[in-house]
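As structure tokens, the structure follows; a few thoughts come after it.
The values are calculated or read from the model by the stated rules, or taken from the named source; none is laboratory data. None of these values were measured; they are calculated from a predicted model. Don't worry about glycine lacking a Cβ; one is built from the backbone with ideal geometry, like all the others, and counts go over all protein chains shown. In case anyone asks, the SASA skips ligands and DNA or RNA and just uses the protein heavy atoms, side chains included. Shrake-Rupley method; radii C 1.70, N 1.55, O 1.52, S 1.80 Å.
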Amino acid sequence: MNYTEPYIPTPEDIIAQMLTVASLKQDELVYDLGSGDGRLVIAAARDFGARVVGVELRMRLVKECRRKVREMGLSDRVTITHRNFKKVSLRKADVLALYLSSYTLNLLTPKFMRELRAGARVVNFDYPVLDWKPVRELKVTPSSWKEPHTIYLYVV
Ligand SMILES: C[S@@+](CC[C@H](N)C(=O)[O-])C[C@H]1O[C@@H](n2cnc3c(N)ncnc32)[C@H](O)[C@@H]1O
């Protein structure tokens, strides 16, 4: 099925910090590539008033996320797309929120360069975009993980 990544969710207590570091504003358009169970997608729509596109290949996670979005009444702000994120256009994104390995980020970097508009922000948990210089790095320690990890912010 072309999975590029395993499913490892971002710790819940890191999500608000990622979206805050990205200065996410009401009505901005966020893409989460590999949106998993939708925890970041839901927080961005519910707590920041953003519009969100989650792209996820694992159907079990797509269904789980769509159900939660419906139950929370967020369907007007959130779209969950069952597709390979390599095939989804990023041209309209204001913010990309990513928890993907360096290997996958490296594969996607040319696509980011082609498609993201100038000024779009990219916020990553744990793995940097290797060729880019972050405008901000924040050390965070998820409560369940003990060791510090890093949130990286880039502006295109
Ligand atoms: C490390 S998890 C991150 C999940 C979520 N973004 C979060 O922060 O909790 C990566 C996700 O990417 C999904 N994935 C892997 N390869 C994919 C692909 N090519 N297209 C879309 N989703 C993919 C996996 O199923 C998994 O849910």
Eligible aspartates and glutamates near K139 by straight Cα distance, threshold 17 Å, same-chain separation 8 or greater: E12, D13, D126, E147
Convex hull volume per residue for region 1-105, taking Cα atoms only, in Å³: 95
Lysine pairs meeting the criterion (Cα under 24 Å, 8 or more apart or interchain), as found in region 1-107: 4
The chain, accessible area per residue, ligands and nucleic acids excluded (1.4 Å, Å²): 50
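If you put +1 on each Lys and Arg Cβ and -1 on each Asp and Glu Cβ, how big is the dipole of the chain around its Cα centre, in Debye rounded to 20?
On the way: 25 positive and 18 negative charges, 110 e Å.
Charge dipole, the chain, about its Cα centre: 520 debye, nearest 20.
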Peptide ranges 116-127, 41-52, 62-73 listed from the most packed, as the mean C-beta count within 10 angstrom indicates: 41-52, 116-127, 62-73
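If I stretch the segment between S75 and R91 completely, what's the gain in nm (0.36 nm per residue apart, minus their alpha carbon distance), one decimal?
Here the answer is 3.6 nm.
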Dipole axis of the chain (+1 Lys, Arg; -1 Asp, Glu on Cβ), positive-most option in P142, I14, Y103: Y103
Solvent-accessible area, 1.4 Å probe, carbon plus sulfur percent, for the chain: 51
